[in-house]
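The values are calculated or read from the model by the stated rules, or taken from the named source; none is laboratory data. Worth saying up front: this structure is predicted, and the values here are computed from it rather than measured. Here Cβ is always computed from backbone atoms with ideal geometry, including for glycine, and neighbour counts include all displayed protein chains. Calculation scope for accessible area: heavy atoms of the full protein, side chains included, ligands and nucleic acids excluded. Shrake-Rupley method; radii C 1.70, N 1.55, O 1.52, S 1.80 Å.
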Amino acid sequence: MDLIIRNARLSDREVPHDIGIVDGRIAAIEPRIAADAPTYDAQGKLACPGLIETHIHLDKSRIIDRCAPQPRASLSPVKSVTPLKKDMSVEDVHARAAATLEQCILHGATRMRTQVEVDPGIGMRGFDGVSALIAEYKWAIEIEICVFPQEGLISYPGTDELLVEGLKRGARVIGGAPRYDKDEHGQIRRIFELARAFDVDIDIHLDVGSTPDAMNIHLVRELTDQYRRGGRVVVGHMAKLSLLPHDQLGALARQMADSGIAVTVLPATDLFLMGRDRDHSVVRGVADANFLCEHGVNCSLSSNNILNPATPYGDCSLIRMANLYANVLQVDRPAQLRECFEMLTRRSARLMNLKDYGFAVGHPADVVIIDAQTGEQAVAEIAQPLAAFKRGRQTVAWGRPALIRPD
């Protein structure tokens, strides 16, 4: 053995187990591994195969200090970012994205899907700045890029060619933001065409608004079935789902589940942006992921933005994001809180079609130790990761705070 992580509490086992690692992969999971090797003592704390950030915008993180203020009721994050793009160099994007990425790693993320904008305003500079991080940080995290048109596709000539360029250069996912296009359905149809042409997954921003009218999820369902992309389509935000009564939401959820469409809920951003047209009885705009899961829809929880006009706060803690979601949705039952933790781990892995995620012999030895006994406790208490290992090598170490009593 190259390393043994001892006394780790796994979610599916009643007593702590040891995790034996050889050549960066899990070689054994047993109550007690009888072998001589370097060890890390987890001290009975919760272990998971790493947290997964399924939807984040590294390229436009940490720009809030550059953005001009806007009126509360009419704030538009896109209008804030657009004029900044001309001054965003590859080096600027890279530096800001790296700072955010390191915070994600420190908070237990070992896999990530990042959205990256391409359009004539930014060209491929954002793509280049983020792409460099894939190799630079592979020792700690695996990153895949979702290339997408934030400011329009049909209505922004030149963007289509840049999307194709991103796909040719290795982007494994294509996304979209149809609400910012003059032809919303045209954008969605083109995204599906490109996904088929390049055989990539789809992760599209969808159905944000103050009423449940004109939802694009119905076209996305139709095209998912038509193109046989079930299991390879994710819709992010879906704030309009929060405006539907449960009977309608349940019926739509079952249809989405039948089509194989997953949902990423982004609590911080949707809370910040929704309901700005109201000065009282403000809607929260956060879709009920637990309800969707109960009706067969796979869901994840994620950060979306960090320190930019769509979300002017954030410390890159996915566990804090799950706690925020649980507060907003008034989730308090242990099983529901446990499901929230699964939306940062197992469900996120399924959403991203990760075949080698999880504690199993032969899988990569990605392990995060969290200062909790269970996933539900981690979410309820915003528990801190104590250590992280990527392919069997320690990448993160946190010290537990301690009281110092006076003499």
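Among the residues of the stretch 115-171, which ones are in a helix (DSSP H, G or I), within 18 Å of the chain's Cα centre (by Cα) and farther than 18 Å from residue 85 by Cα?
133, 134
Since residue 269 meets every condition but one in (1) in a helix (DSSP H, G or I); (2) surrounded by fewer than 20 Cβ atoms within 10 Å (Cβ to Cβ); (3) in contact (Cβ under 8 Å) with a residue 24 or more places away in the chain; (4) not small (Gly, Ala, Ser), which condition does it not meet?
(2)
Looking at the stretch 215-233, can you tell me whether even one residue there is open to solvent by less than 10 Å² (accessible area, probe 1.4 Å) and on the phi > 0 side of the Ramachandran plot?
No, the conditions are met nowhere in the stretch 215-233.
Of all residues in the stretch 76-90 being charged (D, E, K, R) and surrounded by 12 or more Cβ atoms within 10 Å (Cβ to Cβ), which is nearest to residue 132 (Cα to Cα)?
85
Inside the stretch 4-75, counting only strands (runs of 3 or more DSSP E) that do not spill past its ends, which hold 1 or more residues that are open to solvent by less than 10 Å² (accessible area, probe 1.4 Å) and touching a Phe, Trp or Tyr at 6+ places or on another chain (Cβ under 9 Å)? Steps first, please.
Values: elements: 17-22, 25-30, 39-41, 46-48, 51-56.
In the stretch 4-75, the matching strands (runs of 3 or more DSSP E) lie at 17-22, 25-30, 46-48, 51-56.
Which numbered condition trips up residue 182, out of (1) within 29 Å of residue 225 (Cβ to Cβ); (2) touching a residue at least 40 places away in the same chain (Cβ under 8 Å); (3) part of a loop (DSSP other than H, G, I, E, B)?
Single failed check for residue 182: (2).
State all residues of the stretch 134-157 that are of a type outside the set (A, V, I, L, M, F, W, C), over 26 Å from residue 387 (Cα atoms) and open to solvent by 30 Å² or more (accessible area, probe 1.4 Å); if no residue qualifies, say none.
Taking the stretch 134-157 and keeping what is of a type outside the set (A, V, I, L, M, F, W, C), we get 136-138, 142, 144, 149-152, 155-157.
This time we only want the ones that are over 26 Å from residue 387 (Cα atoms), so: 149-152, 155-157.
Within the stretch 134-157, 151, 155, 156, 157 qualify.
Suppose we filter the stretch 308-336 for residues that are farther than 30 Å from residue 68 by Cα, buried (at least 20 other Cβ atoms within 10 Å of the Cβ) and more than 18 Å from the chain's Cα centre (by Cα); how many remain?
Of the residues in that region, 2 qualify.
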